[in-house]
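For reference, the structure is listed below as structure tokens.
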Amino acid sequence: MSQDDDSHTPEEGADDKLIRTAKQRFRRSDTFESIARKRWLEDYKFYNADAYNMYQWPDNARNARGFGTGDERPCLTVNKSAKHCDMVINDALQNKTSIKIKPVGNEATYEAAQVLEGIVRHIEYTSDAQSHYARAFKYQVVSGYGVLRVTTDYTDEDTFDQDIKISSIPDPLSVFIDPDSQEPDGSDANFAFIFTDMPRDNFDVEYPEFKDRMVHTPLGNDEGWIAEKHVRIAEYFYKEQERDTLFVFTNPSTGAKTPIFKSDTSSWKGALRKALNEQLEDISTKRRDIIRDKIKWCKIVGDEVVDRKDWAGSTIPVVPVIGQKTVIEGELDRKGHIRAMIDSQRMLNYNASSAIEYGALQTKTPWIASAAAIEGQDAWASANLMNYSVLVWNHMDDDGNPLEEPKRPTPPMGAPLYQSGMENASNDMMMVSGQYQASLGVQGNERSGTAIQARQRQGENATYHFVENQAQAICRLG
């Protein structure tokens, strides 16, 4: 039996079989991605850590420092790792990328490529594609996984014309892609799921016939149950294969020879149909049998298919933007830039917190004086609180004997161990990220422009795989 069991009982309808297969595929994807999805969320929270949410402090470390008891020891968040990520993200924002069309094969011309590129530019402009590229790239850099997609929608309410749109997925964890996909851009995926929460009022208007039948989460995805105000919907893309014949058709009016699929000629009539039949009967006509991929789409709520249509493209229009992907002993993981800096960042936080705690536990440096030396001089009582220009003391006692002047002992010193620990943590962060001071905009020993650019180039080389993977995803998008 295959992983996607297609056997079914005689009374099982087409929709029942589709839902059952979709459930099996979703469970397989969910199991395969479970660890990677958990780590994605942990990485994203770590990047967004601050003094309020304290995402960079593990629960056991916070509890050990008395968190929530009212007598907490310092738990500081000095989020330097986020800036390392921001340098990569913001550099990409300044060097915007886009889809490019090149004439290659099949009698393609430069002029045709320019026309197509103009169409693509218009699609990107109307889709605000740059903002979607930026969102997916940020997820890619931070947590190792962002998602782009292509959709179509009607141009207006009073037309049948549709526009192509480029968009990104606000929550990449709502997307599940075929775990058997091997290509980095997901072009060979056989299925994909996108889960969204639709306001119940909108759902009741759009699908009134299903209004009172939505009692289950789609495909068993119970991370968010159907709530009072929202309905969870699953978009399900899947690939079906159909046998077809590719042959070279000679246009009887122009004599032009064009490769064409037999299934695409079903609507031909008249002289064109006659010429087609004659050429198909001619054994000299160049042809070959192939298996074509057809992309199907449906919308699932609970155990109901509420909408469906064919997708015009040859691949599933869901494009992953990957940071670093590994599958080791069957365990999937996706890593962004933040992952390697987690331990160094925690070292920085621990040492910064301990340094503050060490200083806070020391008393303020008091004055040491004999009672006779400050007798009658009231300013000494508030000398540690007020900034007096002069502190007067009694230099002789009543018998004319000299009195020792008030003194302060050596003030408390910071702990060198914690200071060096913070410096080591910062250096470790630069080492594991490949971004050194010049890459972060800090003045170094370099003085010439060439030397500065060479040092900056080191940081760019260390993170260039993010840019390359984004370019690969956008190429697939095109």
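Here's the list of lysines a cross-link from Lys96 could span, going by alpha-carbon distance under 18 Å and ignoring same-chain residues fewer than 8 apart: Lys138. Count charges around Pro74 for me, please; just the other residues with Cβ under 10 Å from its Cβ, Lys/Arg as +1, Asp/Glu as -1. Around Pro74, the surrounding residues sum to 0. I need the calculated FRET efficiency for the pair Arg121 and Lys165, taking r as the beta carbon distance and R₀ as 22 Å, to the nearest 0.05. Working from the Cβ atoms, E equals 0.95. Let's see if you can work this out: charge +1 on each Lys and Arg Cβ, -1 on each Asp and Glu Cβ, no other charges. What is the dipole magnitude of the chain about its Cα centre, in debye to the nearest 20? That gives the chain a dipole magnitude of about 1500 debye. Rolling a 1.4 Å probe over the protein chains gives Ile291 an accessible area of about 90 Å². Ordering Asn349, Ala379, Val318 by Cα displacement along the dipole of the chain toward the positive end leaves Val318 in first place; charges were set at the Cβ atoms of Lys, Arg (+1) and Asp, Glu (-1). For Trp311, the residues whose modelled amide H falls within less than 5 Å of its own, excluding neighbours fewer than 5 places apart on the same chain, are Ile295, Lys296, Trp297. The angle between the Cα long axis of helix 449-462 and the main principal axis of the chain comes to about 60°, on a 0 to 90 degree scale. By the rule of a C-alpha distance below 22 Å, with chain neighbours fewer than 8 residues away ignored, the lysines paired with Lys102 are Lys165. Comparing Ala340, Tyr464, Met198 along the charge dipole axis of the chain, the residue lying farthest to the positive side is Tyr464, per the Cβ-charge model. FRET efficiency for the pair Val327 and Ser420, taken as 1/(1 + (r/R0)^6) with r the Cβ-Cβ distance and R0 = 45 Å, rounds to 0.70. What a 1.4 Å probe finds exposed on segment 218-370 is 51% carbon and sulfur by accessible area, rounded to a whole percent.
Protection proxy ranking for 336-346, 28-38, using the average of other Cβ atoms within 10 Å per residue and placing the highest first: 336-346, 28-38. For segment 340-351, putting each phi into the Karplus relation 6.51 cos²θ - 1.76 cosθ + 1.60 with θ = phi - 60° gives couplings of 5, 9, 4, 5, 5, 5, 5, 4, 4, 5, 5, 5 Hz, in residue order, rounded to whole numbers and with x for Gly and Pro.
For segment 184-327, the Stokes-Einstein estimate of translational diffusion at 4 °C and a viscosity of 1.567 mPa s comes to 68 µm²/s, using the Kirkwood hydrodynamic radius over alpha-carbon pairs.
Calculated translational diffusion coefficient of the chain (37 °C, 0.692 mPa s; Stokes-Einstein with Kirkwood radius over alpha-carbon pairs) equals 115 µm²/s. Quick one: helix 110-127 against the long Cα principal axis of the chain, what's the angle to the nearest 10°, folded into 0 to 90? With rounding to tens, the tilt is 50 degrees. Taking the Cα centre of the chain as the origin and placing charges on Cβ (Lys, Arg +1; Asp, Glu -1), which of Val432, Ser266, Tyr139 is farthest toward the positive end of the dipole? Positive-end residue among those listed: Ser266.
Across Phe137, Phe160, the residue with the most accessible area heads the list, and the full order at a 1.4 Å probe is Phe160, Phe137.
Taking 0.36 nm per residue of sequence separation and removing the Cα-Cα distance, the Glu468/Arg200 pair yields an extension gain of 92.4 nm. With the helix formula -39500 (n - 2.57) applied to DSSP H stretches of n ≥ 4, the chain reaches a computed 222 nm mean residue ellipticity of -12000 deg cm²/dmol. For the chain, the solvent-accessible area works out to 60 Å² per residue, with a probe of 1.4 Å and every protein chain left in place. Packing around the peptides 18-25, 314-321, taken as the average count of other Cβ atoms within 10 Å per residue, puts them in this order, highest first: 314-321, 18-25.
The values are calculated or read from the model by the stated rules, or taken from the named source; none is laboratory data. This structure is a prediction, so every number in the text was calculated from the model and none was measured. Quick reminder, even Gly has a Cβ in these numbers, built from the backbone with ideal geometry, and neighbours come from all protein chains shown. These accessible areas exclude ligands, DNA and RNA; they are computed on the full protein's heavy atoms, side chains included. Shrake-Rupley method; radii C 1.70, N 1.55, O 1.52, S 1.80 Å.
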